[in-house]
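Right, one structure below, let's go through it.
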Amino acid sequence: MSIDLHIHSTASDGTLTPREIVAHARKLGLAAIAITDHDTVDGVHQILRNGIPSDIQFLSGVELSTSPPPGFSCRGSLHLLGYGFRPDDPELARELQKLQDARRNRNPEIIAKLQALGIAITVDELDTPDGQRQTGRPHIAMLLVEKGIVTSFDEAFDRFLGNDGPAYVDKYRIDCRRAIHIIRQAGGIPVLAHPALIHPTRNWSLDSLIATLKSRGLQGLEVYYPEHSEAETRRFQALARHHDLLMTGGTDFHGALKPNVELGRAQGGFSVPFDLYAQLAARLSMPTV
C-alpha cells in the first residue's frame, strides 16, 4: 500500500503522459498518486477528463518555485507542493499563467546565450507541433543531448544550464506567502518540498524557516524523498511532528529524464506509506478530487 505524491508528466518536464503515469502506477500496485507538474495543472485536468480508475486514489497537485521569506536567502528556489486544491480555481489559474509566461520568456534568453557560445540551437526546436508542451531548462538539456553537444542531461546542466553555468538565466519566482495563500484559498494543502535540497546562503536553520512558513499557512513537509538520507528522514519526521505539519512523500518521478528513479520506488528500497495519503485526505475531508 505505497503511494507517490511527487510526479512530473509531459505537461511539464516528465516524459510520460498523465494517462501513462496512471497506467504505470496501477501496474506497480500503487494505492495513490498525485501529479505535481511545475507551474501547471494541465496534467491534472487530463487525468480528470479521462476518469480516475477505481483501484487508485488521486490528488490534484502542483509544484511551485517560490522566493524565500525575508531573512532566509537560499540558492535557487524554495519549492512548494500543493495538494487537493480545485484545479479550475480562477486565482490559481491566473498565477500559473504568469509563471508559464515567465518560463516561455526565459527560454529565448537561454537559447541566445547558448548561441553566443557557438551552439547551433533555436527556440523553434523546443516546441512540439501542437504547441502544448510547457518547455524549460530540462527540455533544452534534452535537446543538447539529441544534438550531441553533451552526452547526458547532467552534463548539460553541469556545463551550460546550471545556476553557475554560462547559459543560466534567473527566473521569476512567486513570493512564498502568496503561493501558500493561493493553494489554500483554492482549497488545497501547501507543503514544503524536499527540505534537504534547500541550501541557505546565510546562517539560518531549517527549523526557523519552517516555523516562519507555518506562521504564513504552511501545512505540510515532504519527509519521504529519495535524496533524503535515513538520518534526514528521521529529522524531518521530528520537525513535522514538532510543528504539527502533515507529512508527505514522493519520488520526484520524471520518467526517462531520471531513468534511475522508478515511480513509487525510486531506486529500490524507497516507499511512501499509504497513511500519509489518508491523513491528507482526512484534512481535505475528501478521498479524491
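The values are calculated or read from the model by the stated rules, or taken from the named source; none is laboratory data. Because the structure is predicted, anything quoted here is derived from the model rather than measured. Glycine gets a Cβ as well: all are built from the backbone with ideal geometry, and neighbour counts include every protein chain shown.
Please enumerate the residues belonging to segment 258-289 that are buried (at least 17 other Cβ atoms within 10 Å of the Cβ) and touching a helix residue (DSSP H, G or I) at 6+ places or on another chain (Cβ under 6 Å).
Result: Leu263, Gly264.
Are there any pairs with C-beta distances below 6 angstrom linking a residue in segment 15-26 that is over 13 Å from Gln57 (Cα atoms) to a residue that is assigned to a helix (DSSP H, G or I) and among the hydrophobic types (A, V, I, L, M, F, W, C), with the two at least 6 apart or on different chains, and if so which?
Thr15/Ala256; Thr15/Leu257; Pro18/Ile47
If you take the residues in segment 188-197 that are buried (at least 18 other Cβ atoms within 10 Å of the Cβ) and touching a Phe, Trp or Tyr at 6+ places or on another chain (Cβ under 9 Å), which one is farthest from Phe236 (Cα to Cα)?
Checked segment 188-197; the qualifying residue farthest from Phe236 (Cα to Cα) is Gly188.
Please find, within segment 50-65, the residue that is farthest from the chain's Cα centre (by Cα) out of those that are at pLDDT 95 or above and not in a loop (DSSP other than H, G, I, E, B).
Gln57
Just one of the numbered conditions (1) under 20 Å from Ala34 (Cα atoms); (2) in contact (Cβ under 8 Å) with a residue 60 or more places away in the chain is not true of Arg178; which one?
(1)
Name the residue, out of Ile182, Ile174, that is among the aliphatic types (A, V, I, L, M), buried (at least 19 other Cβ atoms within 10 Å of the Cβ), out of contact with any strand residue (DSSP E or B) (no Cβ under 7 Å at 6 or more places or on another chain) and modelled with pLDDT of 90 or more.
Ile182
Can you tell me which residue in segment 198-228 is nearest to the chain's Cα centre (by Cα), limited to those that are surrounded by fewer than 17 Cβ atoms within 10 Å (Cβ to Cβ) and within 23 Å of Asn163 (Cβ to Cβ)?
Among those residues, the one meeting the criterion is Glu227.
Restricting segment 229-257 to residues that are small (Gly, Ala, Ser) and farther than 20 Å from Pro190 by Cβ, which is surrounded by the most Cβ atoms within 10 Å (Cβ to Cβ)?
Restricting to residues being small (Gly, Ala, Ser) and farther than 20 Å from Pro190 by Cβ, the top hit is Gly255.
Quick one: Ile111 ticks every box in (1) within 21 Å of the chain's Cα centre (by Cα); (2) crowded, with 19+ Cβ neighbours inside 10 Å; (3) β-branched (Val, Ile, Thr) except a single one, so which number is it?
(1)
Please determine whether any residue of segment 145-155 is within 30 Å of Met247 (Cβ to Cβ), acidic (Asp, Glu), out of contact with any strand residue (DSSP E or B) (no Cβ under 9 Å at 6 or more places or on another chain) and modelled with pLDDT of 85 or more.
Scanning segment 145-155, I find at least one residue that is within 30 Å of Met247 (Cβ to Cβ), acidic (Asp, Glu), out of contact with any strand residue (DSSP E or B) (no Cβ under 9 Å at 6 or more places or on another chain) and modelled with pLDDT of 85 or more, so the answer is yes.
Give segment 89-118 a look and list any residue that's over 13 Å from Ile183 (Cβ atoms), touching a residue at least 40 places away in the same chain (Cβ under 8 Å) and part of a loop (DSSP other than H, G, I, E, B), or say none.
Of everything in segment 89-118, just one residue is over 13 Å from Ile183 (Cβ atoms), touching a residue at least 40 places away in the same chain (Cβ under 8 Å) and part of a loop (DSSP other than H, G, I, E, B), namely Leu117.
Within segment 12-35, can you find the residues that are buried (at least 23 other Cβ atoms within 10 Å of the Cβ), more than 18 Å from Thr248 (Cβ to Cβ) and aliphatic (A, V, I, L, M)?
The one that is buried (at least 23 other Cβ atoms within 10 Å of the Cβ), more than 18 Å from Thr248 (Cβ to Cβ) and aliphatic (A, V, I, L, M): Val22.
Looking at segment 36-46, which of its residues are surrounded by 22 or more Cβ atoms within 10 Å (Cβ to Cβ) and either outside the structural domain of Arg26 (by TED's automatic domain parsing) or outside any loop (DSSP other than H, G, I, E, B) (or both)?
The answer is Gly43, Val44.
Take the conditions of a type outside the set (Lys, Arg), within 17 Å of Gly249 (Cα to Cα) and not in a helix (DSSP H, G or I) and apply them to Leu5. Does it pass?
yes
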